[in-house]
Each structure stands twice: as C-alpha cells, then as structure tokens.
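Below: the structure, in structure tokens.
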Amino acid sequence: TLQMPDQINKKTSLICLIILFSAIFIFRISHIHTKEISWDVLGYYLYLPASFIHHDPGLHSIEWLQKINDEQQLTATFYQVGSNSKGEPMYFFLMGMALFYLPFFLLGHGIVQLTHYLPDGFSPPYQIALVFGGLVYTLIGLIFLRKILLNFFSERTTVFTMLIIVLGTNYIHHLTIDNLATVNVLFMLMSILVWNTIQFHKQANTRNLVWIAAPIFLMGLVKPSEIVALLIPLFWNVSSIAAFKDKMRLIVQFKGTILLCLLGGLLLFFPQMYYWHERTGKWLYDSYKNPGVGLDLFSPHILEALFSYRKGWFIYTPVMVFSIVGFYILKKQDKPLFSGIFIYFLVTFYIICSWSEWWYGAAYSLRPMITSYPLLAISLGYFLNFISEKSKPIKYSVYLSICFLIILNQFQWWQLRHFILDPYRTTKEYYWAIFGKTHKNPEWDQYKLVERDFSGKFEFKNRENYLHKVLASWDFIKEKDTRFEKDSAGIGIYRMVKDEEFSKTFSYRFNEITSKDHAWIEASISIRFPDYSVESKQDPPLLVMSMEHKHGIYAYHALELKPDSLPMNWVNYKMVFLTPEMRSHKDEFKCYIWNRSKQLLEISQFKLDQYEPK
C-alpha cells in the first residue's frame, strides 16, 4: 500500500497524454470540413492524385486540377503550381508531405472503390483518411514529447509542461483544425529526433544514429530550411572547445554509419532531384520561385515576429515567455544541454524571422515556432522546476499567470475560429477592440489592415479614408521626346508607332510612393486606334501596373484597351492597383502600355493618382 501512490504517480503523464489526445481526436473528427485539401495542403498533396489517379506524376497538365477547382473552389489562384523555363507546369512544393499523406491516401482510395464516392482524390473518403493520418502523426509526436520530458523531469513537471504546450500555445490550432499542414509532421519528426539524440548521447550506437539521421532528412524533404535541425545532435552536450573536439572524435568513430546515412538521405531525395532534372535539366532546383516571397537573411523581422499584433509570438503565445526565461535557468544548471538547444533555437528563429512573409499566411501566432516546441518544452520544464522551489507567493503568482495565459490562448483561439480575430488583418487597434469580446462590431473593421482579394481583383471601396495626390502625369505639350506632338486639332498626343511594343514607363520605388504599408494607385488614360479595323484579330494593347523585386514581378494587373468602333474616337480607361505585401520598400512599381500587336496608337492623357491611408 505504501508503493501504491508512486505507482499511480508513474502513470500520471500517460493519463494526461491519453486525455489530451482524446480531446484533440474528438475535436478534430467533429470539425472535418469539405475543403480539407485546399490552399497549401493542396500543393503538398498534388503529387498523389496526379500520379495515382490521373497518371501524370510529372504534372505535365493541370486541366484536371482546374476542373476540380471550378467545382470545389479549393484555391483562389494556382500558386501551388510553378513552372519551368518553358512555361510548363511543375509542382511548387517538395514531395515530403505527399510521402506522409501516401498511406492514408491509399486507404481513402481503397474505401472509394467500395463506395459510391468519386475516385477523384478529393471526395470525403480521401479527406477523412488524411485527417485520420494527421491524428496518427499528432499522437506519435505527443508520445515522444512525453518521453523527452520524462528523461529530465518528474511526472508532475512533465504533466504541467505538456498541458502548457498543448493548451497554452498555437499548437492547439495547428495540430487540430490545421493538422494536414507541415507543422504537425515537423513536430513529430522533431520529437523523434530529440529523443534519439538523447539516447545516442547516453549510449552511442548505430541504431540511435540512424534514428537521428532519418528525421533530419525527412524534415528537409518536407521543408528545406528545417535541415538546420542537424545542429541539434551536432552541438548536443557541447559547451566548450574540448567538448566539441570530443564530438568530432565521436563523428569519426561512426564515420561509416554517417556515410551510409548520407547515402540513405541521397536516395530519399533522389525522386525529387530526378523530377527536377526531368523538368528543368538541373539536379538541384529552387521550385519556390516567387519574387514576392523568400528568405532575406539580411532583413529579419525580429520585432514583428515577436510583438506584432498581426501574428507576434509573444502576443498570441505569451506563455512561451517562460520557456525563454527557462534558457537562463537551463544554462546555470546544465550548460552542455543548454548549448545544443539554444544554438538551434537562435538559428531557426532567425531563419523564421528572415522569411519575407514573416506572418505566414492565415497562421495562428508564429506557426513555424511549433517545430521547436519539443526543445522549448525542456527549457520550460526547467523554469517550472525552478519556480516550484520558490516561496508560495512567487510560486502561486506564476502558476496563476500561466493559468490565465492558457485561458487567454483558448479564448483567442475560439475568437479565431469564430472569425472575430482576423487571421490576416489584425492590428493593435483591432486587437484591443475585440479583446475579451464574444462578438464582432462591423465598425471595428476600420481598424484592420487593408483587405486584399486573393483572386487578384481590385475594388477600391473606401476612398474617403485616403489622401489623394497626383503621383505622375505626362505633359503632352512640354515633353521633348519626338513621339510627343500635337494633332490637327491641337491636342497634345503621344504616338506609339508601329512595331513599338512598350510605351515609356512610370517607375517608382515603393518608398517614393508612400511610407505607409500600402497605397492605391489609379491609372487614367485616353487612347485611340487609327489603324483599327473590325476585321482585324489583333490582341488589344494592355494597360499594365506591376511591382518588381530585383526584376522579378510579384504583383501584376492589366486591363485590355479595346478600341471604339470608330477608330478616331478617343476612349477613356481607368484602372486601380493595390500595392501588394511588400518584400522590400525598395521594390519598384511600374506602369506602362504593352502594345501586344504593335499597332499604331495615340494617347492624349496618361496620369497616375495616388491614394495613401489617412
């Protein structure tokens, strides 16, 4: 009987794990929707229906995808499909996530054969099977998280740490409703990696080394930047030059196994590399080609990533402040362990902040940080142990603060799910307007960031909230270019002669246009078509406005300039353009006429009006 409480205590963290996963399972199963395979998930998943259903593993055609999207509206634009130098379609994302979807896709495909559902890769059996697969990966991640924590802490500290990670952070959103995205798999792989790193440094053997290498390579195949996870085993228990030399000797000792692991990693990456070579002629290829989004290592958004009301980590996941404080305690109590964890944390956090789209779409809080939580749970556990030894006023004050922050996280997650907390446009003013609210007042929308239409359409509704000025106009009388002249009626015109494909260009850096986060630009033009005939089948010219980053276009809007039935009639056109989410304030806005058929054109006015937020 004296041993009974200890036996029960040894099962506490297991009971906690079962309860947490059961809650996650019930919540997720009850929130399956009809568009589970949409947006980014659609891009990760494309490999499977293309290969197994449409017999086009190389994605040479996307007609089938366009048809499905017309029916189901899975994405506003096909950003999930890139292109090679010939303009042929290619997968935008790597095939890592498709590899993890595969067994559950096959399960769904098998169920479809026995039912009346369409075998199109998107009907309910496929979606339900993938959701179930995501839950399997969540469970594996939690199992290894518990094993990691029990290696360092008591059952009590393990339970508290697990509760904080699962209920007090953005983990709860991205491993439930959003469990088909990358962070679910990455959290699992990170947990497996950390556990086997611990085991290898207790008992260095081939088995543990292989189980270190496998998740690292798989993480790289899911998300290339995650290859930095190699820093974890490399610097684990390394806090001095002597310790680093010992680690190098250990690497030499296992050089044969390491070479075999590298070969295995190469074999794992080979299908991806083979695909790149077949479609581009290159074994290594950057498929993430988007001038508007990328890794800008010399322009990190550190303060925004931590404190922005849009997605700031400490704003929406404030309980993790205690994990950061825990690093100080960890360093004092176990410096060798501190080094490996902290070096990885600094590097990966810097990379996360250096991604130009640092808010990561519709994420809740700073989504990529979840991958680091199996490590941050360790520093959090050290903090909890430290606090447990303090006086009751200090101890209970911290515990109450943690409880409040967990409740706050759950409430804000509820606000997000009920469209009170905006996943894209939240500002400081909007955040505090909705703080603690269970409803949304339409008047509060004025505090949000500008609304952007993901389809690329522009509708300028609220001009009264903007200050107007003329950004640029051509003076058709004073221009000295020979193409500027007066016609017989004395009207100043700009004449685009035959074979002249592009007009003169208005060009401005974004920071020359505005110091705000966006501006509307309206182009006005009067044009006539002296050589136009009804019988001609020429492509009409385009009025183009675009934004460029290092000569790569990442926002483009064009309006067809169709002639009047009478060629010498002047036709007036207007087009508005909303500047995109800027990658750099030095990016260049351009406006010009693209005379696709190289016909004779005459322009009598060309003006740009700028509208800047008040």
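The values are calculated or read from the model by the stated rules, or taken from the named source; none is laboratory data. Small disclaimer: the values here were computed from a predicted structure and weren't measured. When we count neighbours, we look across all protein chains shown, and the Cβ atoms used for this are built from the backbone with ideal geometry, even at glycine. Heads up: the accessible areas ignore ligands, DNA and RNA and are worked out on the full protein's heavy atoms, side chains in. Shrake-Rupley method; radii C 1.70, N 1.55, O 1.52, S 1.80 Å.
Restricting attention to the stretch 137-259, the count of lysine pairs at 8 or more positions apart or across chains with alpha carbons under 26 Å apart stands at 8. Segment GLN538..LYS562, full-extension length gain: 7.6 nm, with 0.36 nm per residue of separation and the alpha-carbon distance subtracted.
For the stretch 99-215, a/c is not less than 1.5, where a ≥ b ≥ c are the root eigenvalues of the C-alpha gyration tensor, and a/b does not top b/c. That puts it in the oblate class.
Diffusion coefficient (Stokes-Einstein, Kirkwood radius over C-alpha pairs, 20 °C, 1.002 mPa s) for the stretch 14-81: 152 µm²/s, rounded to a whole number. So, with a 1.4 angstrom probe, what is the percent of accessible area on the stretch 386-484 that is carbon and sulfur? It is 56 percent, rounded to a whole number. With each label modelled as a point 7 angstrom along the Cα→C-beta vector, the SER526-LEU266 pair spans 6.9 nm.
For a straight C-alpha distance cut-off of 18 angstrom, the lysines reachable from LYS562 (same-chain residues fewer than eight places away being disregarded) are LYS498, LYS537, LYS574, LYS598. Computed from the Cβ-Cβ distance with R0 of 45 Å, the FRET efficiency linking LYS335 to VAL136 stands at 0.75. Measuring nothing but how far apart in sequence close Cα pairs (under 8 Å, 6+ apart) lie, relative to its length, the stretch 271-400 scores a relative contact order of 29 percent.
Average accessible surface for the chain: 48 Å² per residue, computed with a 1.4 Å probe over protein heavy atoms with every protein chain in place. On full extension, the segment bounded by ALA472 and LEU297 gains 59.6 nm, given 0.36 nm per residue less the C-alpha separation. Charged side chains reduced to their Cβ positions (Lys and Arg at +1, Asp and Glu at -1) give the chain a dipole of some 2320 debye around its Cα centre. A simple spin-label model places pseudo-atoms 7 Å from Cα toward Cβ; at ILE553 and HIS418 they are separated by 4.5 nm. Surface composition of the stretch 489-559: carbon and sulfur atoms hold 49% of the protein heavy-atom accessible area at a 1.4 Å probe.
Considering only SER356, PHE322, THR280, and ranking their Cα positions along the charge dipole of the stretch 252-393 that arises from unit charges at the beta-carbon of Lys, Arg, Asp and Glu, the one farthest toward the positive end is PHE322. Estimated at the nearest 10 Å², the accessible area of LYS469 is 100 Å² with a 1.4 Å probe. For ALA489 and SER597, a Förster radius of 45 Å and the Cβ-Cβ distance give a FRET efficiency of 0.95, rounded to the nearest 0.05. Taking a ≥ b ≥ c as the square roots of the eigenvalues of the Cα gyration tensor, an a/c ratio of 1.5 or more together with a/b no larger than b/c marks the stretch 235-315 as oblate.
For the stretch 586-599, the Karplus equation 6.51 cos²θ - 1.76 cosθ + 1.60, evaluated at θ = phi - 60°, returns couplings of 9, 4, 10, 8, 9, 9, 6, 9, 9, 8, 4, 8, 6, 8 Hz by residue, with Gly and Pro reported as x. Dipole size of the stretch 386-454 about its Cα centre, with +1 on Lys/Arg Cβ and -1 on Asp/Glu Cβ: approximately 360 debye, rounded to the nearest 20. Across the accessible surface of the stretch 70-218, with the other protein chains kept in place and a 1.4 Å probe, carbon and sulfur atoms take up 65 percent. Couplings 3J(HN,Hα) for the stretch 218-226, derived from phi with the Karplus relation 6.51 cos²θ - 1.76 cosθ + 1.60 (θ = phi - 60°), are 5, 4, x, 6, 7, 8, x, 5, 6 Hz, where x marks Gly and Pro.
Using the Cβ-Cβ distance between ARG509 and LEU102 with R0 set to 60 Å, the FRET efficiency works out to roughly 0.80. Once all protein chains are placed together, VAL319 keeps about 0 Å² accessible to a 1.4 angstrom probe.
Among rounded, prolate and oblate, which fits the stretch 505-614 when a ≥ b ≥ c are the square roots of the eigenvalues of its C-alpha gyration tensor, a/c under 1.5 means rounded, and a/b larger than b/c means prolate? Verdict is prolate for the stretch 505-614.
Considering all C-alpha pairs of the stretch 489-546, those separated by over 18 Å amount to 54%.
Of all aspartates and glutamates in the structure, the ones whose alpha carbon falls short of 13 Å from that of LYS550, not counting any fewer than 8 places away in one chain, are ASP296, ASP587, GLU588. Solvent-accessible surface of protein heavy atoms, probed at 1.4 angstrom with all chains present, puts CYS261, CYS403 in the order CYS403, CYS261, largest first. Computed over protein heavy atoms with a 1.4 angstrom probe, the accessible surface ordering of ARG452, ARG463, largest first, is ARG463, ARG452. In this label model, LYS86 and ARG452 are separated by 3.3 nm, measuring between points 7 Å along each Cα→Cβ vector. Identify the GluC sites (Glu not before Pro) of the stretch 532-581 meeting these criteria: DSSP loop state and at most 15 other C-beta atoms within 10 Å of the C-beta. Sites meeting the loop and neighbour criteria: GLU535. Based on Cα contacts under 8 Å between residues 6+ apart, the stretch 361-464 shows a relative contact order of 23 percent. Stretching the chain fully between VAL321 and SER584 yields a gain of 91.7 nm (0.36 nm per residue, less the alpha carbon separation). The tail of the calculated P(r) for the chain beyond 39 Å holds 42 percent of all Cα-Cα pairs. For the chain, the relative contact order comes to 12 percent (Cα pairs under 8 Å, sequence separation of at least 6).
Heavy-atom accessible area for GLU88, with the other protein chains in place and a 1.4 Å probe, reaches approximately 70 Å².
Less than 5 angstrom separates the built amide H of LEU471 from those of LEU608, ASP609, GLN610, all sequence-distant by 5 or more or on a different chain.
Using the Stokes-Einstein relation with a Kirkwood hydrodynamic radius computed over Cα pairs, the translational diffusion coefficient of the stretch 241-398 at 37 °C and a viscosity of 0.692 mPa s comes to 171 µm²/s.
When N is the residue count of the stretch 169-316, what does its C-alpha Rg come to as a fraction of 2.2 N^0.38 Å? Rg over 2.2 N^0.38 Å, computed on Cα atoms: 1.25.
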